[in-house]
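The values are calculated or read from the model by the stated rules, or taken from the named source; none is laboratory data. Please read these numbers as outputs of a predicted model, since none were measured by experiment. No Cβ is skipped: glycine too gets one built from the backbone with ideal geometry, and neighbour counts run over all protein chains shown. Side chains are part of the model used for accessible areas, which takes the heavy atoms of the whole protein and leaves out ligands, DNA and RNA. Shrake-Rupley method; radii C 1.70, N 1.55, O 1.52, S 1.80 Å.
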Amino acid sequence: MIERWALVSGLRGDLETYELIQRDLKKTRGVTALFVLGDLVGPERNCDALLDRLRNPHRGDLKPDCIYGWWEEQLLAERGFRGERKADALRLSQGEDTVSALLNTVNPSHLKWLASLQFGFIELDCALIHGSSSDVGDNLTAETSPLILLDRLTRLNVNRLFTARSTKQFHLELTGGGINSQVKDLNGKREQQQEVPKRSVIGIGAGLNYTLYDIGSDKTHFLTAGSKTNPKGKGFA
Amino acid sequence: MHHAIISCLHANLPAVEAVLNDIDKQGIDTITCLGDLVGYGPQPNEVVELIRKRGIATCQGCWDEDIIDGLNACECSYPSQLAERRGHLAHQWTDDQLTDENKCFLASLPTSLRRDRLLFVHGSPNSQHEYLLPDMDAFAALERVETAGADILFCGHTHQPYVRELRDGSIRVRLQSAEHGNDQGEELTLPMRKIVNAGSVGEPRHGSTNATYVIHNDATDEVEIKEVAYDVARTCQAIIEAGLPKVFAWRLSHGFEFAEQAEDASHVCER
Ligand SMILES: [Zn+2]
Ligand SMILES: [Zn+2]
């Protein structure tokens, strides 16, 4: 039997999108878990209805497991949940208006729950994080240097890192290579050889674009909610 | 041109004097210091003042940072709870001793210095608290140098001097994306890079009591690790007289052979 995960991010308060994804998943075989990798909130629309739904799933909903993302980090920082740090990154990139817009989209009654969300999940040999363990805002894409991608995998010591920050859908596999190193110290010299481990970084997309991951076969399927695409049709070996 | 790199002086004046003397004797006049002027040792003001007087270019170490910011580092900076308690004691003592002027000087230090393709940091380009150990994952080590845009990275913080050359690296990848479908795959050739750890002047942990530092030849990129004997007993005496934890004196007189090591050296405190 197939066992697959659904990976979603970047809903940013959009309940309609979330409902479309739930509808899709109901028709998909074998989905055992739904991970929402952050950016549940955003400055564009009121987020309370989506947050209510995530916290209190409807009957028939696949129960979501949520972590926080970049937008939650900005909101929580601005609301005083991150010590002295405020929403500096948001303020710098999008200005004061966006900061106040963000504050207005989330009822304070949700803050405690948002603050209780974890930074990431480790499931089997996979890490599920909004950015990477280096930073919630770490923007990993298929164009990111493989050296950096390998570093992010090494930091977590996992074989697969599912990331969402870039909003892109990609599956980049490290398939080979190596490096030589020589260390000289007061005891002499020693040579080391190291091979590139077979590991992957997977961008899961955002909003309507979500990803299915088949655990047994290590296959990813990049999907768009509401479109007619069959999960099998867009599979990647 | 030869230049000298020193690190982790740790308020050990006899060791600093001996090393500067050794450098002077060789006619080297460019010296770069990678921080940790204070902490553990008994002469914080004297060491800071000597570095200021000599006008030695210095970046900020983990101890220098913590003295300024208060103990920002979380427990992960210490290999054990015992080490943490001793660290806190030494922190408090150093904080009490240091003059405001010397604290201001430590606060003014940059976290990195760059000269062309050479980058100087205390721990790693990411953090003053990150350990770049000699046998850490070679790709992760290369990533630190490469992301910082340097050819040679000079660091300290581990108190163990070494020179590591990373070469003949490559990574093959295969990409599948929603936009482009399946990709044939490509190979990235990695550049040759070096990490040079200057060891420690004032609190060596390489198995001998000698102070260590390094000399780099700009023209050939050759690096020599230097060992300098100094009056260890004088520093140990001063540690005990200052009322600092005796174990610091014991460690200096044993070259820290039984050092507690950070278990997860790759861990970077996020705070
Ligand atoms: Zn040090
Ligand atoms: Zn240090």
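Here are a few things to note about the model shown:
- Straight-line reach from A:LYS27: taking Cα to Cα under 21 Å and skipping same-chain neighbours fewer than 8 places apart, the lysines in range are A:LYS63, A:LYS219, A:LYS228, A:LYS232, A:LYS234.
- Assigned charges on the beta-carbon of Lys, Arg, Asp, Glu; the protein assembly as shown dipole about Cα centre (debye): 1660 debye
- Approximate spin-label separation A:GLU44-B:LYS25, in nm, with each point projected 7 Å along Cα-to-Cβ: 7.0 nm
- Semi-axes of the equivalent ellipsoid for region B:89-130, Cα gyration tensor, largest first, Å: 26, 14, 6
- q = 0.10, 0.11 Å⁻¹: log10 I(q)/I(0) that the Debye formula gives for chain B, counting C-alpha atoms only: -0.50, -0.59
- Compared with the dominant Cα axis of chain B, that is its longest principal axis, helix B:138-147 is turned about 90°.
- With all protein chains kept in place, the per residue accessible area of chain A amounts to 44 square angstrom at a probe of 1.4 angstrom.
- Computed about the Cα centre, the dipole magnitude for chain B is approximately 380 debye when only Lys and Arg (+1) and Asp and Glu (-1) carry charge, each at its Cβ.
- Using the Cβ of B:GLU101 as centre and a radius below 11 Å, the other residues enclosed give a net charge of 0, where K and R count +1 and D and E count -1.
- Entries in B:LYS103/B:LYS226; A:LYS112/A:LYS198; A:LYS184/B:LYS25 that, when Cα-Cα distance is taken, lie over 28 Å: B:LYS103/B:LYS226; A:LYS112/A:LYS198
- Note on region A:4-236: with charges restricted to the Cβ of Lys and Arg (+1) and Asp and Glu (-1), its dipole about the Cα centre is near 680 debye.
- Around B:TYR213: net Lys/Arg minus Asp/Glu count, Cβ-Cβ under 10 Å: -2
- Antiparallel content of DSSP bridges confined to region A:4-236, in %, to 5: 65 percent
- Fraction of beta bridges assigned by DSSP in chain B that are antiparallel (%, nearest 5): 70 percent
- When B:PHE105, B:PHE248 are compared by accessible area of protein heavy atoms, the largest-first order is B:PHE105, B:PHE248, using a 1.4 Å probe.
- Apolar share of the accessible surface for region A:4-236: 45 percent from carbon plus sulfur atoms, 1.4 Å probe.
- If the chain linking B:ARG114 and B:ASP231 were pulled fully straight, counting 0.36 nm for each residue of separation and taking away their Cα-Cα distance, it would gain 38.8 nm.
- Folded to 0 to 90 degrees: helix B:44-54 orientation relative to chain B principal axis, Cα: 70 degrees
- Looking at region A:83-206, the DSSP beta bridges with both ends there are about 70 percent antiparallel.
- Chains A and B together bury roughly 3600 Å² of accessible area, counting both sides, with a 1.4 Å probe on protein heavy atoms only.
- Cβ-Cβ FRET estimate between A:LEU117 and A:ASN159, R0 fixed at 22 Å, reported to 0.05: 0.35
- Once the gyration tensor of the Cα atoms in the protein assembly as shown is diagonalised, the equivalent ellipsoid follows with semi-axes of 49, 27, 18 Å, ordered largest first.
- Normalised by 2.2 N^0.38 Å, with N the number of residues, the alpha-carbon radius of gyration of region A:4-236 equals 1.11.
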